[in-house]
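The values are calculated or read from the model by the stated rules, or taken from the named source; none is laboratory data. These numbers come from a predicted model, not from an experiment. Methodologically, a virtual Cβ is constructed for each residue, glycine included, from the backbone with ideal geometry; neighbour enumeration extends over all protein chains shown. Keep in mind that these areas ignore ligands, DNA and RNA; they rest on the heavy atoms of the full protein, side chains included. Shrake-Rupley method; radii C 1.70, N 1.55, O 1.52, S 1.80 Å.
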Amino acid sequence: AQSVTQLGSHVSVSEGALVLLRCNYSSSVPPYLFWYVQYPNQGLQLLLKYTSAATLVKGINGFEAEFKKSETSFHLTKPSAHMSDAAEYFCAVSEGFGNEKLTFGTGTRLTIIP
Amino acid sequence: DSGVTQTPKHLITATGQRVTLRCSPRSGDLSVYWYQQSLDQGLQFLIQYYNGEERAKGNILERFSAQQFPDLHSELNLSSLELGDSALYFCASSVKGVGEQYFGPGTRLTVT
């Protein structure tokens with residue numbers, strides 16, 4: 001069974017500082033991995049995806065994530081935080097064809113300190 | 001704007017009632033998913049339809065049912081509602097089964 005663990009339910013960083021949100025996954029097959037962002041009272045917006053191509057994935061709004069099979073990790077980073085990055089971030093895993101549902105982590109709320 | 005639409009945006013109803021949530025997928029997307037987001041359970045997969053056929057079931061209660069119509073829109077029916085059914089219900093769609101899913105804005109259900 002697939003699962004996702006997001007370490008840190010709340011992360012605070014100063015504006016301009018590095019953002020690092022952690023995600024570890026478990027999957028019985030090579031996974032498809034996703035990061036989504038949710039702003040207050042809105043739906044989930046896809047930030048980026050890993051689907052077995054390049055291990056370093058670039059997404060929207062300056063975010064990127066690196067797939068590390070040996071560590072079963074898919075951490076999300078952004079070099080310089082902006083106030084508009086304040087939101088909740090979800091890591092999700094899918095096992096692909098035949099099991100396409102997304103299994104989500106519990107989310108990390110990112111706060112940006114001015 | 002993801003291209004996925006959901007109606008209504010908000011729904012307030014009483015225990016024991018029945019409601020229908022509607023979802024229109026992005027143009028060209030054949031697969032529709034329903035998820036429930038609550039403080040207790042987080043984001044949980046409920047059910048998936050692909051081109052009109054049920055493809056996968058998750059943690060969906062027997063009181064809940066769904067269908068996908070020939071025009072590919074989908075409806076989630078919730079009956080005998082309980083206070084614990086209060087949650088955000090999201091619909092998502094994808095082109096085929098595999099790949100990224102695009103989420104609608106959600107329907108916030110409040111059961112009183």
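Please go through region A:61-83 and pick out each residue that is open to solvent by 70 Å² or more (accessible area, probe 1.4 Å) and within 26 Å of B:Gly106 (Cβ to Cβ).
Within region A:61-83, A:Asn61, A:His82, A:Met83 qualify.
Consider region A:42-90. How many of its residues are more than 17 Å from A:Leu20 (Cα to Cα) and either among the small types (Gly, Ala, Ser) or in contact (Cβ under 8 Å) with a residue 40 or more places away in the chain (or both)?
6
Considering region B:7-47 alone, what residues qualify as being farther than 18 Å from A:Ala92 by Cα, of a type in the set (Val, Ile, Thr) and crowded, with 18+ Cβ neighbours inside 10 Å?
B:Val19
For region A:83-97, which positions are more than 17 Å from the chain's Cα centre (by Cα) and more than 8 Å from chain B (Cβ to nearest Cβ)?
Selection gives A:Met83 alone.
State whether one or more residues within region B:76-87 are modelled with pLDDT of 95 or more, in contact with a helix residue (DSSP H, G or I) (Cβ under 7 Å, 6 or more places away or on another chain) and surrounded by 22 or more Cβ atoms within 10 Å (Cβ to Cβ).
yes
Considering only region A:19-62, state which residues are among the β-branched types (Val, Ile, Thr) and not in a strand (DSSP E or B).
Within region A:19-62, A:Val29, A:Thr51, A:Thr55, A:Ile60 qualify.
Go through region A:95-111 and report how many residues are on the phi < 0 side of the Ramachandran plot and either of a type in the set (A, V, I, L, M) or open to solvent by 10 Å² or more (accessible area, probe 1.4 Å) (or both).
Qualifying residue count, region A:95-111: 11.
Condition first: β-branched (Val, Ile, Thr) and facing chain A (nearest Cβ under 8 Å). Now tell me which residues in region B:86-112 satisfy that.
B:Val98
If I go through region A:68-108 residue by residue, how many of them are closer than 28 Å to B:Gln48 by Cα and either part of a strand (DSSP E or B) or hydrophobic (A, V, I, L, M, F, W, C) (or both)?
Adding up the residues that qualify gives 17.
From (1) assigned to a strand (DSSP E or B); (2) farther than 14 Å from A:Leu46 by Cβ; (3) not basic (Lys, Arg), pick out the condition that doesn't hold for A:Ala65.
All conditions pass for A:Ala65, except number (2).
Would you be able to say whether some residue in region A:70-80 is within 14 Å of chain B (Cβ to nearest Cβ), more than 23 Å from B:Ala56 (Cβ to Cβ) and either in contact with a strand residue (DSSP E or B) (Cβ under 6 Å, 6 or more places away or on another chain) or of a type in the set (A, V, I, L, M) (or both)?
no
Here are A:Lys49, A:Lys58: which of them is open to solvent by 30 Å² or more (accessible area, probe 1.4 Å) and away from every other protein chain (no Cβ under 14 Å)?
Testing whether each residue is open to solvent by 30 Å² or more (accessible area, probe 1.4 Å) and away from every other protein chain (no Cβ under 14 Å) leaves just A:Lys58.
Scan region A:30-45 and give yes if some residue there is within 12 Å of chain B (Cβ to nearest Cβ), out of contact with any Pro (no Cβ under 7 Å at 6 or more places or on another chain), among the polar types (S, T, N, Q) and open to solvent by 50 Å² or more (accessible area, probe 1.4 Å), otherwise no.
There is at least one residue in region A:30-45 that is within 12 Å of chain B (Cβ to nearest Cβ), out of contact with any Pro (no Cβ under 7 Å at 6 or more places or on another chain), among the polar types (S, T, N, Q) and open to solvent by 50 Å² or more (accessible area, probe 1.4 Å).
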